[in-house]
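Trainee: Handing you a structure now.
The values are calculated or read from the model by the stated rules, or taken from the named source; none is laboratory data. No experiment lies behind these values; they were computed from the predicted model shown. When we count neighbours, we look across all protein chains shown, and the Cβ atoms used for this are built from the backbone with ideal geometry, even at glycine. Each accessible area value is taken on the protein alone, full model and side chains, heavy atoms only, with ligands, DNA and RNA left out. Shrake-Rupley method; radii C 1.70, N 1.55, O 1.52, S 1.80 Å.
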Amino acid sequence: MAAPIFALSSGPPPAGVAVIRLSGEGVFDIVRQISGSRRLPPTREARLRTLRRPHDQAPLDQALVLIFPGPNSFTGEDSAELHCHGSPAVVAAVQAALSALGARPAEAGEFTRRAFESGRLDLTQVEALSDLIVAETELQRETALAQAGGRLRDLADSWRDQLIGIMAEIEAQLDFSDEGDVEASNVYAERMRGGPLTRLVDSMEAALHSAPVGERIRHGLTIAVTGPPNAGKSSLINALARRDVAIVTPHAGTTRDVIEVHLDLGGRPAILLDTAGLRETSDPIEAEGIARAIARAESADLVLNLAPGGNVVNRIDETGETPGFHSGRLHLSARTGAGLAELEAWLTEWAEDHIPSGEPPAITTARQQHLIAEALGALKSAQSKADPVLTAEDLRAAAHALGRLSGRIGPEVILGAIFSRFCIGK
Amino acid sequence: MKSHDVIVIGGGHAGCEAACAAARTGARVALVTFAADNIGQMSCNPAIGGLGKGHLVREIDAMDGIMGRAADAAGIQFRLLNRSRGAAVQGPRAQADRKRYAAAVRALVADSGVEIVEAEVTDLLVEDGRCTGVETSIGPLPARAVVLTSGTFLGGVMHIGERQIAGGRVGEAGASRLALRLRALGLPMGRLKTGTPPRLDGRTIDWANLEVQSGDAQPAYFSSLTTHSDVPQVDCYITRTTQQTHDVIRGNIGLSPMYAGRIEGVGPRYCPSIEDKVMRFGDRDGHQIFLEPEGLDDPLIYPNGISTSLPELVQAAIIHSIPGLGACRIAQPGYAVEYDYLDPRALDSTLQLQALPGLWLAGQVNGTTGYEEAAAQGLVAGLNATGRHWVPDRATSYIGVMVDDLVTHGVSEPYRMFTSRAEFRLRLRADNADLRLTPIARQLGCLGTRRSSIFSDRLAAVEQLTTALKDTRVPAAAIPEVKGDGIARSLWEWARFPGVDWTVLQRAAPQLSAEPNVVETVLTDASYAVYLDRQEQEVARVRQDEAVIVPRGTIFRDIPGLSNEMAERLQKAQPETLGQAARVRGVTPAAITALLAWIRKTQLSAA
């Protein structure tokens, strides 16, 4: 076990309760000393204890104390939690006491890294955990939670098992063809290409299909608001976000950068992009803003166009038009709020179309998507090879990519699979 | 007392290869053995080569070693395995006449100028923490370096049913005093077991109804020095165990030392005893047995597939239940051997013992099984013991794969070579072993003149044909075998397409000509070209990691960011490079990152 560390795991004080987490060698001794009791609380059960200053036993706080013996703890090490009162003074005093007892403040991500290094989490779970911590909407939270629980790991494990099985069959063909127990022809290779390999390819393709949805949940749907200068883009965004994020002035060209506003559309995350006024300019800074605006607007999932002939008509308070969706366009007034409810309802419906509810997607990061696509490409190449050595080579490349996703598939694993299913040996 | 450069202990496959390799460099070498008559003995099956193993023999030959030449001289049946599969996994194999093989080895050892000393090695000479020779039953033998190839003789115990006999092979004494000495060094030792089948009297076998297995019409020899053989060629035969065989085994399983718990050593998963096969895999349609002749003028038959340690009477019942063996006489019963091996993680990448510089270990004592694996280690140890430095690498040879596996992972069962162990399998082929290794042999100064000139000719021919194929472009119309896009390509590119062989290429470009072995190598390179190019990048990446040296004596526990488990795994493996550290089983990428950061920091503060 590594040296003991501690960190404030709950939000910054002041708060109702502050949770201080400890992990590492000798953590239980530290708990004994700070709680002034030789008896530790029963495993995973909270007990009320008085925390005391080590050198003079002066009471610091009443706290709930929990212990989690390794290896079945989050980090895989002996761990503990102190739930004390959340005032800055209490938290500072308890942390000072822990330092005096030989623990040190954890570095950023150190608990997670220990969990990863002890094999408690694989890479996909580590990624998901950081997502869980920053999740903004309900669906983001659900997806992150599902993955922290090992959703992609379970899927990757199942792919791994299938791949090991296929590789074992092919490698047995290559390494043990002179043995009685292994089929004497390339029948196995053919059979693999037909059945298990096709099933594996199908399963990975299905998962990759869900990748854009996962990406949308993770990063949010993007909605660009476009239109000529002074069309009221920033006013519309502010009205939707109900707060002042973009500088809204009646003068054209004051919005120079892309401004992002995060929206929650029925649990689905969306990002409103305010584009700088799209017009010719001689100001180099503004020109840069316009170039960026165009690039982002072009890749947005939805464009709200305030230009004449666009899909949104603003300022109906000035023209006297009826709010809501008619004649193929949405009519509203960002200033009075008329038609905003209709816009929100329409956006929410649109968001639900793009991020369907139900089973959360497995793949949520570009890294995962990239590796799975790489593995899939290698498997498809394997399907087309006549030479079993090249089939094996492609399978190995696929295993390498899957291995980088969550764990390794080395030759020893393949040999193990071979020996468990064939009686090999003259 | 005259001093030698290198003393080799043991006259088996590892010992002979080590002694000859050292002698080829010009070193003064003595080979110490119990009995000079036993030099070059094949103690188990009468065959050399096979899948993975054939690759090793070709590599030994490419370093001008002796195993391939001896096997060619003694071969009584040659077969190239995996002929129908890709070139990368084709391995040459030969049935060898035992007496002819041993005679060939003895002649090659004698030719190399190795001095044979018949004595028992009783101890090692150690001065200032270095091995400086050996103590023997006839006095001390000082040397600059010692290569220990003690096989199964260290702490060897034979089991036949309930009988236990000390010793490695039937009728020979075990080197138990030397074992005590090594144990006293406090080295990490373990126990393994291996088995051998009963030997049969071929004159009492009914051959008439057995399936015949013949050799290839065109033999693929091991050595590039061999052009033909005058030794008569013979057939092998195949039979199977029966329901009755399995009943006999199950009825007597309690008498098997392994099942009765008298053997603690771990046996190989890929070469189980017949008891194991029946108990683990059941009846099925019987287990195959290959009846292999031990020699041309020897009636003994080696029944490959039924190694056993059951009592002799039970062995007889088993044999008599097998078709063709109903009246067969057992000439010598099968037995199991348990022996000590040294955890090879205690060795460096040249197979030198880290705890005792000057002492190299090679062969079965390092936890491997097989003649070829032993000989290949002997080659590495013998060359390095002369003071030359050669660390074979994974991207260049199966020898490199094996040595790296051994010193990085250790062994959990007797280690045998398989082609699936080599991640760069497409490069490491039996047909191009000389191109990969002979230049290295030349550089190390262990290449004879005859081999040197043969190699130069072949290298030139391979380069010439490769250039010719790359430089000759032909239109699609010239290659009607390929239904494609109609684009003109070089012959090198056309060779990638299925159905395009040498005949097709020659028809398209009649000026092409080359020896068959040159055509084979070049066309295989051409057909694998896309994959070989990709592997080239991977090799470059690996070499980069291999260039990062982990300082000797690193205490991994002290490296920040390494968990205890990672530190422990690395401490055991004692990796010499970052690449090796990354291959240690169970070590995570995060741990490697932490290790690299620490190495960089240490280098900075040292600079």
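Trainee: Taking 51 Å as R0, compute the FRET efficiency from the Cβ-Cβ separation of B:LEU532 and A:SER299 and round it to 0.05. Each step should come with its number before you reach the end.
Mentor: Numbers: r = 39 Å, r/R0 = 0.77.
For R0 = 51 Å, the calculated efficiency reads 0.85.
Trainee: Additional query: Report, in deg cm²/dmol and to the nearest 500, the calculated mean residue ellipticity at 222 nm for chain B, where each DSSP H run with n ≥ 4 adds -39500 (n - 2.57) and the sum is divided by the residue count.
Mentor: Details: 19 runs with 216 residues, N = 607.
Counting only the DSSP helices, I get -11000 deg cm²/dmol.
Trainee: Distance in nm between label sites at B:LEU255 and A:HIS326, each 7 Å beyond Cα in the beta-carbon direction?
Mentor: 10.3 nm
Trainee: Kindly state, to the nearest 0.05, the FRET efficiency for B:SER513 paired with B:THR227, given R0 = 25 Å and r defined as their beta-carbon distance.
Mentor: 0.80
Trainee: Quick one: of the DSSP bridges fully inside the protein assembly as shown, what percent are antiparallel, nearest 5? Numbers along the way, then the final one.
Mentor: Values: 87 of 118 bridges.
For the protein assembly as shown, the DSSP antiparallel bridge percentage is about 75.
Trainee: Next question, about the same structure. Report, as a whole number in µm² per second, the diffusion coefficient that Stokes-Einstein gives for the protein assembly as shown at 37 °C and 0.692 mPa s using the Kirkwood radius over alpha carbon pairs.
Mentor: 97 µm²/s
Trainee: Which of the GluC sites (Glu not before Pro) across the stretch B:264-320 are loop residues per DSSP, with 13 or fewer other Cβ within 10 Å? Walk me through the numbers before you get to the answer.
Mentor: Numbers: sites: B:GLU264, B:GLU275, B:GLU294, B:GLU312; in loops: B:GLU264, B:GLU294.
Counting only loop positions with at most 13 other Cβ atoms within 10 Å, the GluC sites (Glu not before Pro) in the stretch B:264-320 are B:GLU264.
Trainee: Quick one, could you list the DSSP H helices from chain B stretching 15 Å or more along their long axis (Cα atoms) with average Kyte-Doolittle hydropathy of 0.5 or above?
Mentor: Details: long enough: B:13-24 (16 Å, 0.35); B:98-111 (20 Å, -0.07); B:371-385 (20 Å, 0.31); B:398-409 (16 Å, 0.85); B:433-444 (16 Å, 0.10); B:449-471 (33 Å, -0.33); B:516-527 (16 Å, 0.33); B:529-546 (25 Å, -1.27); B:589-606 (25 Å, 0.71).
Length and hydropathy pass: B:398-409, B:589-606.
Trainee: Next question. Nearest-5 percent of antiparallel DSSP beta bridges in chain B?
Mentor: Details: 54 of 72 bridges.
Among the beta bridges of chain B, antiparallel pairing accounts for roughly 75 percent.
Trainee: Something else: Rounded, prolate or oblate: pick one for the stretch B:449-533, where a ≥ b ≥ c are the square roots of the eigenvalues of its C-alpha gyration tensor, a/c under 1.5 means rounded, and failing that, prolate if a/b is larger than b/c, else oblate.
Mentor: Details: a/c = 2.55, a/b = 1.99, b/c = 1.28.
The shape class here is prolate.
Trainee: List every residue whose amide H lies under 5 Å from the amide H of B:VAL117, counting only residues 5 or more places away in sequence or on a different chain, with H placed 1.01 Å from N in the peptide plane.
Mentor: B:LEU31, B:VAL32, B:THR33
Trainee: Would you pull out the residues with amide H under 5 Å of B:ARG199's amide H, same chain only if 5 or more places away, H placed 1.01 Å from N?
Mentor: The answer is B:ALA331, B:GLN332, B:GLY334.
Trainee: Extension gain B:SER214-B:ASP558, at 0.36 nm per residue separation less the Cα-Cα distance, in nm? Please report the intermediate quantities before stating the final value.
Mentor: Details: separation 344, 0.36 × 344 = 123.84 nm, distance 6.07 nm.
Additional length available on full extension: 117.8 nm.
Trainee: Quote the accessible area belonging to B:PHE424 in square angstrom, nearest 10, computed with a 1.4 Å probe and with ligands, DNA and RNA left uncounted.
Mentor: In the full protein context, B:PHE424 sits at about 10 Å².
Trainee: Ratio of chain B's C-alpha Rg to 2.2 N^0.38 Å, to two decimals?
Mentor: Output field value: 1.02.
Trainee: In square angstrom, rounded to the nearest 10, how much accessible surface does B:MET279 have for a 1.4 Å probe?
Mentor: Counting only protein heavy atoms, the figure is 80 Å².
Trainee: Still on this model: Would you mind getting me the FRET efficiency between A:ASP264 and A:ARG44? Use the beta-carbon distance for r and R0 = 35 Å, nearest 0.05.
Mentor: Details: r = 35 Å, r/R0 = 1.00.
Efficiency for this residue pair is about 0.50.
Trainee: Report relative contact order for chain B in percent, whole number only (criteria: Cα-Cα under 8 Å, sequence separation at least 6). Intermediate results must be reported in sequence, preceding the final value.
Mentor: Values: 1308 pairs, mean separation 102.6, N = 607.
Across chain B, relative contact order equals 17 percent.
Trainee: Could you go through the stretch B:210-215 in sequence order and give the Karplus-derived ³J(HN,Hα) for each residue, using 6.51 cos²θ - 1.76 cosθ + 1.60 with θ = phi - 60°, rounded to whole Hz, and x for Gly and Pro?
Mentor: Karplus-based 3J(HN,Hα) across the stretch B:210-215 equals 8, 6, 8, 10, 9, x Hz.
Trainee: Please identify every one of the trypsin sites (Lys or Arg not before Pro) in the stretch B:1-60 that sits in a loop by DSSP and has no more than 13 other beta carbons within 10 Å of its own beta carbon. Don't jump to the answer; show the numbers that get you there.
Mentor: Numbers: sites: B:LYS2, B:ARG24, B:ARG28, B:LYS53, B:ARG58; in loops: B:LYS2, B:ARG28.
Qualifying residues, ordered by number: B:LYS2.
Trainee: Now a separate question. Pull up all non-local amide H partners of B:THR132: gap of 5 or more, or a different chain, and H-to-H distance under 5 Å with H placed in the peptide plane.
Mentor: Here B:LEU125, B:VAL126, B:GLU127 satisfy the definition.
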